[in-house]
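Note sheet for the following structure.
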Amino acid sequence: MIITIDGPAGSGKSTVARKLAARLEVAYLDTGAMYRAVAYAGLLRQTDLSSEAACGALVRALRIELDFGPTYARIRVDGHDVSEAIRTIRVSAATSEVARHPAVRTFLVKMQRSEGDRLKSFVTEGRDQGSVVFPNADVKFVLNASAEKRAERRLQQLLVDGEDVTLEQVRENITQRDSIDAIQWQSLLEPGAAHIIDTTTMSISEVLDRLMEHV
Ligand code: DC
């Protein structure tokens with residue numbers, strides 16, 4: 001069974017995707033981590049992130065290893081585990097830029113499909129999973145929430161991770177990323193394309209229960 005969860009940053013996708021995968025005892029595919037890993041490596045190597053050619057060459061040169069299970073999602077780049085290092089606000093901003101390039105997307109989409117072939121049953125989370133990568137998925141969700149609520153959630157997450165950021169900075173980061181990222185999942189808002197869930201006033205367990213009903 002393939003379940004896709006798409007939507008903007010801070011909509012609660014990652015948290016519920018993990019919980020749903022654990023509940024169903026299937027792997028959780030964190031596709032955002034793949035884009036983040038490329039951006040992280042690009043920052044380290046001082047790659048010109050605005051250049052499609054440079055980012056395309058970068059993604060092809062990296063050795064990306066995925067280890068996605070029901071209760072964990074680890075990612076290694078050239079032998080280094082970067083699963084935590086890719087979560088900073090600096091990497092988030094760089095990732096939006098990297099993820100815009102078709103050369104990067106084509107490469108990572110191929111990698112996601114081959115990982116999907118290997119895993120067979122999984123919950124996958126990103127921006128284009130139900131629309132582009134796994135259009136034949138069994139159940140598709142779009143999670144959304146108000147921009148203010150999403151900024152608050154991201155801020156909490158970043159503070160827990162030890163980052164020194166303000167709500168204003170997170171708001172700006174989210175607004176910027178929204179305008180770049182939204183194009184990937186807009187087609188899922190067509191009637192009947194996916195189950196659309198607004199999580200603004202819902203708790204994690206309420207969202208999870210709603211998802212389970214549809215599954
Ligand atoms: O879900 P996330 O915040 O970890 O995603 C990080 C960035 O990667 C975000 O800017 C959108 C982009 N992304 C994408 O373009 N396509 C995906 N399938 C997943 C993430």
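Some points to look at:
- Gln186 vs. criteria at pLDDT 85 or above and open to solvent by 70 Å² or more (accessible area, probe 1.4 Å): no
- The residues of segment 152-169 that are under 26 Å from Arg210 (Cβ atoms), at pLDDT 90 or above and either away from the ligand (no atom under 15 Å from the Cβ) or over 16 Å from the mean Cα position of the chain (by Cα) (or both), listed by number, are Glu152, Leu155, Gln156.
Listed here are the residues, each with its yes/no results for (1) among the aromatic types (Phe, Trp, Tyr); (2) touching a Leu at 6+ places or on another chain (Cβ under 6 Å).
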residue	(1), (2)
Ser146	no, no
Arg150	no, no
Leu155	no, yes
Leu159	no, no
Trp185	yes, no
Leu211	no, yes
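- Residue within segment 11-30 that is charged (D, E, K, R), surrounded by 21 or more Cβ atoms within 10 Å (Cβ to Cβ) and touching a strand residue (DSSP E or B) at 6+ places or on another chain (Cβ under 8 Å) present: yes
- Residue match in segment 35-42 (condition: surrounded by fewer than 21 Cβ atoms within 10 Å (Cβ to Cβ) and not β-branched (Val, Ile, Thr)): no
- Single match in Val38, Val16 (criterion: part of a helix (DSSP H, G or I), in contact (Cβ under 8 Å) with a residue 60 or more places away in the chain and within 12 Å of the ligand (Cβ to nearest atom)): Val38
- As for segment 168-186, it holds no residue that is of a type in the set (Gly, Ala, Ser) and assigned to a loop (DSSP other than H, G, I, E, B).
- Condition met for Glu25 (under 20 Å from Ala182 (Cα atoms) and more than 13 Å from the ligand (Cβ to nearest atom)): no
- Selection within segment 50-105 - closer than 13 Å to Met34 by Cβ and of a type in the set (Val, Ile, Thr): Val59, Ile64, Ile75, Val77, Val82, Ile86, Val91, Thr95, Val98, Val104
- Restricted to helices (runs of 4 or more DSSP H) entirely inside segment 45-145, those with at least 2 residues that are within 12 Å of the ligand (Cβ to nearest atom) and either open to solvent by 40 Å² or more (accessible area, probe 1.4 Å) or under 29 Å from Arg171 (Cα atoms) (or both) are 89-98, 102-119.
- Hits in segment 158-179 - residues which are touching a residue at least 12 places away in the same chain (Cβ under 8 Å), surrounded by fewer than 15 Cβ atoms within 10 Å (Cβ to Cβ) and closer than 29 Å to Val132 by Cα: Thr175, Gln176
The values are calculated or read from the model by the stated rules, or taken from the named source; none is laboratory data. All figures in this text were calculated on a predicted structure; none of them were measured in a lab. Cβ sites come from the backbone with ideal geometry, for glycine too, and all protein chains shown count toward neighbours. SASA here: full protein model, heavy atoms, side chains in, ligands and nucleic acids out. Shrake-Rupley method; radii C 1.70, N 1.55, O 1.52, S 1.80 Å.
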